[in-house]
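Remarks on the structure that follows.
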Amino acid sequence: MPTKQESLKGLGAKFGGTVRKRYARVFRKQKAKRACPSCGSLKFRRIAAGIWKCGICSFKVADGAYATTTV
């Protein structure tokens, strides 16, 4: 039996399954843990659209809006 996925905030039933699945795919990709290219820590996060910053060494890079291709 398939497991129930957790619901995403911001999208109700009125948007339809296709839009919710597309949003979920982008949301999971954007929030995934990433290693910093400079120090290797897992604190490399998106701070704005296309701007990524490491919380440990303050390494900052402009890259993709939802995912990084630097690593």
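The values are calculated or read from the model by the stated rules, or taken from the named source; none is laboratory data. Model, not experiment: these values are computed from the prediction. For neighbour counting, all protein chains shown are included, and Cβ atoms are generated from backbone atoms with ideal geometry for every residue, glycine included.
In the range 7-21, how many residues are of a type outside the set (Val, Ile, Thr) and either assigned to a helix (DSSP H, G or I) or in contact with a strand residue (DSSP E or B) (Cβ under 9 Å, 6 or more places away or on another chain) (or both)? Walk me through it before giving the result.
Quick first cut of the range 7-21, residues of a type outside the set (Val, Ile, Thr) only: 7-17, 20-21.
With either assigned to a helix (DSSP H, G or I) or in contact with a strand residue (DSSP E or B) (Cβ under 9 Å, 6 or more places away or on another chain) (or both) added as a condition, the list becomes 13-15, 17, 20-21.
The number of residues fulfilling the criteria is 6.
Just give me the residues in the range 48-61 being in a loop (DSSP other than H, G, I, E, B) and within 16 Å of the chain's Cα centre (by Cα), in sequence order.
The first filter runs over the range 48-61 and keeps only residues in a loop (DSSP other than H, G, I, E, B), leaving 49-50, 55-59.
Ala49, Gly50, Gly55 - these are the residues of the range 48-61 that are in a loop (DSSP other than H, G, I, E, B) and within 16 Å of the chain's Cα centre (by Cα).
Right, Lys4: modelled with pLDDT under 85, in a loop (DSSP other than H, G, I, E, B), of a type outside the set (A, V, I, L, M, F, W, C) and exposed (fewer than 10 other Cβ atoms within 10 Å of the Cβ) or not? Walk me through how you get there before you give the answer.
Working: modelled with pLDDT under 85: yes; in a loop (DSSP other than H, G, I, E, B): yes; of a type outside the set (A, V, I, L, M, F, W, C): yes; exposed (fewer than 10 other Cβ atoms within 10 Å of the Cβ): yes.
Here the answer is yes, as Lys4 does meet what is asked.
Taking interchain pairs and intrachain pairs at least six residues apart, which have beta carbon atoms under 6 angstrom, with the first residue in the range 32-52 and loosely packed, with under 12 Cβ neighbours inside 10 Å and the second of a type outside the set (A, V, I, L, M, F, W, C) and in a strand (DSSP E or B)?
Ile47/Lys53
Tell me yes or no: at least one residue of the range 18-25 is free of Cβ contacts under 8 Å to residues at least 24 places away in the same chain, of a type in the set (S, T, N, Q) and exposed (fewer than 12 other Cβ atoms within 10 Å of the Cβ). It would help to see each step written out before you state the result.
Taking the range 18-25 first, the residues free of Cβ contacts under 8 Å to residues at least 24 places away in the same chain are 18-25.
Next cut, of a type in the set (S, T, N, Q) only: 18.
Narrowing the set further to residues that are exposed (fewer than 12 other Cβ atoms within 10 Å of the Cβ) leaves 18.
Yes, that holds for at least one residue.
Is at least one residue of the range 36-47 within 13 Å of the chain's Cα centre (by Cα), small (Gly, Ala, Ser), modelled with pLDDT of 90 or more and part of a loop (DSSP other than H, G, I, E, B)?
No, there is no match, as no residue in the range 36-47 is within 13 Å of the chain's Cα centre (by Cα), small (Gly, Ala, Ser), modelled with pLDDT of 90 or more and part of a loop (DSSP other than H, G, I, E, B).
Since Ala24 meets every condition but one in (1) at pLDDT below 90; (2) in a loop (DSSP other than H, G, I, E, B); (3) small (Gly, Ala, Ser), which condition does it not meet?
(2)
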